[in-house]
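Any read-out appearing in this document is the output of simple, stated calculations on the displayed coordinates, not a laboratory observation. Quantities reported herein were computed from a predicted structural model and do not represent experimental measurements. With ideal geometry, Cβ positions are generated from the backbone for all residues, glycine too; neighbour counts draw on all protein chains shown.
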């Protein structure tokens, strides 16, 4: 019983590490310099990286997935450890913010937000504000 559990844990951990390795190689070969430049721009300092990490986590709803992606980027040489620290910190903040948003009663704010969006879309001529109204 214990022997099977140890084998399962060891095998699962090995498979996980191998998957991260494969993802890193695939990212390096597929994206290369273009993705490296994008990641460098999005994580130019720790503060901006934190915001990016929180945003990504809010979009995909998983700080674990964000962290695994960042580890893959670092492993592939697409990000430095300094850049990764900010993004992972932001991922953890994003998880906390997501939980807080769920705890709030958003129905109180939904109708005014829809009204403001409709007014922006219908009555403002600037393209940015119109699209913001659709958002």
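A few notes on this one:
- Estimated 222 nm signal from helices in the chain, with DSSP H stretches of n ≥ 4 weighted -39500 (n - 2.57), rounded to 500: -28500 deg cm²/dmol
- Between helix 46-60 and the chain there is an angle of about 90 degrees, using the helix long axis and the longest principal axis of the Cα atoms.
- Given the choices [x] 48; [y] 65; [z] 58, percent of Cα pairs over 19 Å apart derived from the coordinates of this structure is entry [y].
- Packing, as the average of other Cβ atoms within 10 Å across residues, places the peptides 94-103, 53-62, 7-16 in the order 53-62, 94-103, 7-16, highest first.
- As a length-normalised measure over Cα pairs under 8 Å and 6 or more apart, the relative contact order of the chain settles at 23 percent.
- Fully extending the segment from residue 97 to residue 122 would add 5.9 nm, taking 0.36 nm per residue of separation and subtracting the current Cα-Cα distance.
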